[in-house]
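Heads up: the structure comes next, in structure tokens.
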Amino acid sequence: MHVVLSGYYGFDNCGDEAILYSIIQGLRGIQADIDITVLSNNPSYTKEMYGVDSVDRHHLGEISAVMKKADGLISGGGSLLQDKTGLKSIPYYSGIIQLATFYKKPVFIYAQGMGPISSKLSKWIVKHTLNKVEHITVRDWDSQRLLDELGVSKDSTIVPDPVLGLNSNTFSCDWQGSSNGPILAVSVRDWPSQIAFKKYIAEALDKLAGKGYSIVFVPMHGKHDEKASMDVGDLMQEASEIFPCDCEVEEKIAIIGKADLLIGMRLHSLIFSAITYTPFIALSYDPKIDAFAEICKQPVIGNTEIDDWDGEALFTVADSILGDGENKRAELRKFVEPYQKQALHTPVYALEMLRRKRA
């Protein structure tokens, strides 16, 4: 069987690379000899890193040629069909799906987070595109409700984010850093806001560093998050370190697994925390952050657009969690383990659908 994978791949975004890695691992766990072609922004990197075929996601001729030969398209995961970060995402990913349906190839929507979608044209495109696919899986209730509101008539199933299916016990990290204290991991990103959220984070981290914690920033989106980490570090009075931004997904999961606590903005930093049973505090900039924190029963300290929290509030919550670390870790494990098991079913659904259509 030959499948094409479409997503936000090859952009040095650790979360999306973790999604790709998870999907590939899941599919190969069911069918070891499956042929996979990934549409990537960096095909040579994707080929070398994952041992798959890959074509340039911008080269329509290459995409068309590989789609003709494939048995189907898997679109996802991640937040692909949304127009908050720009107006190009929905036309692009919908266009790939439309190309697959043009060649009469079945399409499986894989654990996507839908929306937000503001434009009337974007809503129309998503509705008419998704009504042509074989099956839709989404990662939360809000995504499913949005599909209903848009008039998507195809049934959808809620499944966990694919990264929850990774076995973090197999990952390791040799990075030592310069401090021997217990680790507090931090994932920050830039986000347009009138709220001084970086200053608030820095204030809390200073107080936690004063209690003996080594502050380690973990950039999830390469140089972008490295810069945001430096911004917060520059606001601190105490020392901090930045984990190498070019390390692989497995290493970033491993370093978060070594931490006593994660303070995170990026969704997949929270997911890395969850699969290593590391308690986390989320800072929300998007409903997907709140939704995942609710699943794991972990606190959301505040929102980047609402000035109802500060550094003292963040420190107080963090200090409370750190003071009861083993119990908090055990509680998180109890909430996460069922979702880890469920995440292993999604590649089964995808391959069963493709096999039925090929028969």
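The values are calculated or read from the model by the stated rules, or taken from the named source; none is laboratory data. Remember, it's a predicted structure, so these values are computed and weren't measured experimentally. Every residue, glycine as well, gets a Cβ built from its backbone with ideal geometry; the counts of neighbours run over all protein chains shown. For accessibility, only protein heavy atoms count, side chains too; no ligands or nucleic acids. Shrake-Rupley method; radii C 1.70, N 1.55, O 1.52, S 1.80 Å.
Of all the listed residues (T137, T157, T170), the sole one being more than 20 Å from D290 (Cβ to Cβ), in contact with a Ser or Thr (Cβ under 9 Å, 6 or more places away or on another chain) and open to solvent by 10 Å² or more (accessible area, probe 1.4 Å) is T157. Of the residues making up region 173-201, those that are over 24 Å from the mean Cα position of the chain (by Cα), surrounded by fewer than 23 Cβ atoms within 10 Å (Cβ to Cβ) and outside any loop (DSSP other than H, G, I, E, B) number 1.
Among the residues of this structure, G29 does not count as one that is without any contact (Cβ under 8 Å) to a residue 24 or more places away in the chain, out of contact with any Lys or Arg (no Cβ under 8 Å at 6 or more places or on another chain), assigned to a helix (DSSP H, G or I) and not aliphatic (A, V, I, L, M).
In this structure, A291 qualifies as among the small types (G, A, S), modelled with pLDDT under 95, within 30 Å of L27 (Cα to Cα) and touching a helix residue (DSSP H, G or I) at 6+ places or on another chain (Cβ under 7 Å). In a residue-by-residue description of region 43-61, the property of being in contact (Cβ under 8 Å) with a residue 24 or more places away in the chain, farther than 22 Å from A111 by Cβ, crowded, with 17+ Cβ neighbours inside 10 Å and touching an Asp or Glu at 6+ places or on another chain (Cβ under 9 Å) applies to at least one position.
The sole residue among G257, G222 that is farther than 24 Å from S79 by Cβ, surrounded by fewer than 24 Cβ atoms within 10 Å (Cβ to Cβ) and not hydrophobic (A, V, I, L, M, F, W, C) is G257.
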